[in-house]
1. For the range 396-425, how many residues are open to solvent by less than 50 Å² (accessible area, probe 1.4 Å), of a type in the set (Lys, Arg) and over 27 Å from the mean Cα position of the chain (by Cα)?
2. Given the conditions (1) under 27 Å from residue 290 (Cβ atoms); (2) touching a residue at least 12 places away in the same chain (Cβ under 8 Å), which single one is not true for residue 209?
3. Taking the criterion of being β-branched (Val, Ile, Thr) and either more than 27 Å from residue 269 (Cβ to Cβ) or open to solvent by 40 Å² or more (accessible area, probe 1.4 Å) (or both), would at least one residue in the range 353-369 satisfy it?
4. For the subset of the range 259-290 comprising residues that are open to solvent by 60 Å² or more (accessible area, probe 1.4 Å), charged (D, E, K, R) and farther than 17 Å from residue 244 by Cα, which member is modelled with the lowest pLDDT?
5. Can you tell me which residue among 230, 182, 195, 160 is free of Cβ contacts under 8 Å to residues at least 40 places away in the same chain, buried (at least 16 other Cβ atoms within 10 Å of the Cβ) and under 23 Å from residue 338 (Cβ atoms)?
6. Answer yes if at least one residue in the range 104-113 is under 19 Å from residue 56 (Cβ atoms), open to solvent by 80 Å² or more (accessible area, probe 1.4 Å), touching a helix residue (DSSP H, G or I) at 6+ places or on another chain (Cβ under 6 Å) and outside any helix (DSSP H, G or I), and no otherwise.
7. For residue 393, are the conditions met, namely being within 26 Å of residue 284 (Cβ to Cβ) and either open to solvent by less than 60 Å² (accessible area, probe 1.4 Å) or among the basic types (Lys, Arg) (or both)?
8. Take the range 59-79 and flag every residue that is part of a loop (DSSP other than H, G, I, E, B) and either open to solvent by 30 Å² or more (accessible area, probe 1.4 Å) or aliphatic (A, V, I, L, M) (or both).
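The values are calculated or read from the model by the stated rules, or taken from the named source; none is laboratory data. From a predicted model like this one, the values you see are computed outputs, not experimental measurements. Methodologically, a virtual Cβ is constructed for each residue, glycine included, from the backbone with ideal geometry; neighbour enumeration extends over all protein chains shown. For the accessible areas, the whole protein counts, side chains as well, though only heavy atoms, and no ligand, DNA or RNA atoms are used. Shrake-Rupley method; radii C 1.70, N 1.55, O 1.52, S 1.80 Å.
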Amino acid sequence: MFWIQSNNYSTVPGDLSHLDYTGCREALRRRLAEPAPGRIQLVTGPRQVGKTTLLLELAAELGERATYIAADGPEAALPGFWERLWNRAEEVAASQGRTNVVLIDEVQHLAGWAARLKAEWDRLRRRRLPVHVVATGSSALRLASGSNESLAGRFERLTLAHWSASALARTFNLAPDDAAELVVRMGAYPGAMELRNDMPRWAAYVRDAIIEPAIGRDILALAAVRRPALLRQVFAVAAASPAQIVSLQKLQGQLQDRGALETLAHYLHLLEEAYVMAPLEKHASRPARRRAAPPKLVTLSNALLAVVDPRGIPDAAREPERFGAWVENACLAFAWNSGYRVAYWREEPMEVDGVIDGSRGSWAIEVKTGPFGVAEVRGLLEFTRRFPRYQPLLLCDPSELPAAARVGVPAISWKRFLLDGPNAP
């Protein structure tokens, strides 16, 4: 397990419900300082981004005022475990006259967890007991399956997102540009950082601690997946097409086991709910046109690309096209992970790589990792002419910033985007 020091993150929010580690920790601190019992705090997010570490840090800060339990631990299976948990929380609150906080890690492992939490929360409210509750889960899918029905009106959800390049730089004392390169080449899982110079061990970690639990357990446990092998194939084929627009018919043709188009669309949605992959819609004013257009497949961490692609990590000099696709995937994934609504736009022969909307503004972005001219930004200019509320933004190599100035398009380096987002200076 890794430990995260204080103030190691910068926050680049597109949506206040998607937070980095520090943002999530500070939000919880504020909410736990409110009169208890407040709403149940549900923290969801990808595997291996620090949810357990966050609860342990809060437990250490709160001391005797906190009761931490791991719902996937052996003690959780013992008879009377649930009752003892709440009796202890009440006793601590009563004996100390202070608010107690119950911290439940991997809550989805408890059978009927949502109904049980609802009953306890209602009892706390009726008796006005000063007890707060924080629970974590490894995917939106696992928490949503119970929370939306049983806990309606009783919870707030926070998403602890994939790490950014800025987080890596601050936490592991990396040069900012090196951290941005690392996000493109190997993703940003903090637990894998110590293995980054040993590729076989690093790849095994990503497969065993992230991919297999997410696809082999999280989704299969709670979603209707009648063909698990097909789900794995959909993930593998989609991950082999980073930042590519792929019709469901084309995706179907690359699978060993054919599935109905509705099934493939459903499996892509499940992968998104597990924070593995995002099938981006086309930007269009009419909903019917958005739904009819093929999705653009973005893998939400480039670590998954590096493990799935048999060719390994691309070399920028020898494989410029493949490297460019990985840079584009990393940039769009960063926007999605930051809580922005992300789409793409294409009207043949013109295209815009990403259309992002968030609380801090709206941008149309084009990603270029080599030389370019006016022809390569024509789609960006046409889109912003048609949709003037979007600001054009070109993401390019640092050496190409003068070329962007010559064609009259606002630009920042893609490394700076991965560090600071579209508001980068």
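1. Adding up the residues that qualify gives 0.
2. (1)
3. Our first condition is that a residue be β-branched (Val, Ile, Thr); within the range 353-369, this holds for 355-356, 365, 367, 369.
Still in the running and either more than 27 Å from residue 269 (Cβ to Cβ) or open to solvent by 40 Å² or more (accessible area, probe 1.4 Å) (or both): 369.
Yes, the conditions are met somewhere in the range 353-369.
4. 289
5. Details: 230 fails: under 23 Å from residue 338 (Cβ atoms); 195 fails: under 23 Å from residue 338 (Cβ atoms); 160 fails: free of Cβ contacts under 8 Å to residues at least 40 places away in the same chain.
Being free of Cβ contacts under 8 Å to residues at least 40 places away in the same chain, buried (at least 16 other Cβ atoms within 10 Å of the Cβ) and under 23 Å from residue 338 (Cβ atoms) holds for just one of 230, 182, 195, 160, which is 182.
6. Taking every residue of the range 104-113 in turn, none turns out to be under 19 Å from residue 56 (Cβ atoms), open to solvent by 80 Å² or more (accessible area, probe 1.4 Å), touching a helix residue (DSSP H, G or I) at 6+ places or on another chain (Cβ under 6 Å) and outside any helix (DSSP H, G or I).
7. Details: within 26 Å of residue 284 (Cβ to Cβ): yes; either open to solvent by less than 60 Å² (accessible area, probe 1.4 Å) or among the basic types (Lys, Arg) (or both): yes.
So residue 393 fits the description; yes.
8. Passing the criteria: 71, 72, 78, 79.
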